[in-house]
1. Could you grab the pairs with beta carbons closer than 9 Å, sequence gap of 6+ or different chains, first residue in the stretch 13-25 and surrounded by 13 or more Cβ atoms within 10 Å (Cβ to Cβ), second one part of a loop (DSSP other than H, G, I, E, B)?
2. Scan the stretch 30-50 and report the pairs whose first residue is touching a residue at least 24 places away in the same chain (Cβ under 8 Å) and whose second residue is part of a strand (DSSP E or B) and among the charged types (D, E, K, R), with Cβ atoms within less than 8 Å and a gap of 6+ or a chain change.
3. Regarding Lys7, is this residue part of a strand (DSSP E or B), surrounded by 14 or more Cβ atoms within 10 Å (Cβ to Cβ) and under 11 Å from the mean Cα position of the chain (by Cα)?
4. Among the numbered criteria (1) touching a strand residue (DSSP E or B) at 6+ places or on another chain (Cβ under 8 Å); (2) surrounded by 15 or more Cβ atoms within 10 Å (Cβ to Cβ); (3) not in a strand (DSSP E or B), which single criterion is violated by Asp62?
5. Under the condition of being in a helix (DSSP H, G or I) and more than 18 Å from Arg74 (Cα to Cα), which residue from the stretch 28-52 is most open to solvent (accessible area, probe 1.4 Å)?
6. Quick one: is Val78 in contact (Cβ under 8 Å) with a residue 24 or more places away in the chain, surrounded by 13 or more Cβ atoms within 10 Å (Cβ to Cβ) and more than 12 Å from the chain's Cα centre (by Cα)?
7. If you go through the stretch 7-23 one residue at a time, do you hit one that is at pLDDT below 95 and among the charged types (D, E, K, R)?
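The values are calculated or read from the model by the stated rules, or taken from the named source; none is laboratory data. Remember, it's a predicted structure, so these values are computed and weren't measured experimentally. Quick reminder, even Gly has a Cβ in these numbers, built from the backbone with ideal geometry, and neighbours come from all protein chains shown. Remember, those area values only see protein heavy atoms, side chains included, never the ligands or the DNA or RNA. Shrake-Rupley method; radii C 1.70, N 1.55, O 1.52, S 1.80 Å.
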Amino acid sequence: SRLKKIKLIWDFRGPLSQKTAQHHHRHLEEFFKLENKKLFEHGTKSLSDIHNYTYAIVLKEDLEFFKATLKPHRGQSVE
């Protein structure tokens with residue numbers, strides 16, 4: 001069976017949102033190394049000058065853990 005995955009998203013808005021998203025991304029990388037959780041893909045994305053986000057694609061079975069520890073702003077199912 002295919003593994004069910006989910007994309008966790010942290011939104012940052014404002015003129016410094018790109019720097020904030022990149023900073024958050026570094027902390028996410030450290031967190032995943034410490035927690036030894038499966039991470040499929042991660043990065044930052046710019047939607048506009050004032051809206052950037054950090055994302056991490058993880059196993060859906062770990063969702064509750066990530067909601068409690070990392071408090072993502074939103075999530076999307078991944079095919």
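1. Arg13/Ile50; Ser17/Asp49; Ser17/Ile50; Gln18/Asp49; Thr20/Gly14
2. Pairs that qualify, where the first residue is touching a residue at least 24 places away in the same chain (Cβ under 8 Å) and the partner is part of a strand (DSSP E or B) and among the charged types (D, E, K, R), are Phe40/Lys5; Ile50/Arg13.
3. Yes, satisfied.
4. (1)
5. In this case the residue turns out to be Lys33.
6. Against the criterion (in contact (Cβ under 8 Å) with a residue 24 or more places away in the chain, surrounded by 13 or more Cβ atoms within 10 Å (Cβ to Cβ) and more than 12 Å from the chain's Cα centre (by Cα)), Val78 qualifies.
7. No, that holds for no residue.
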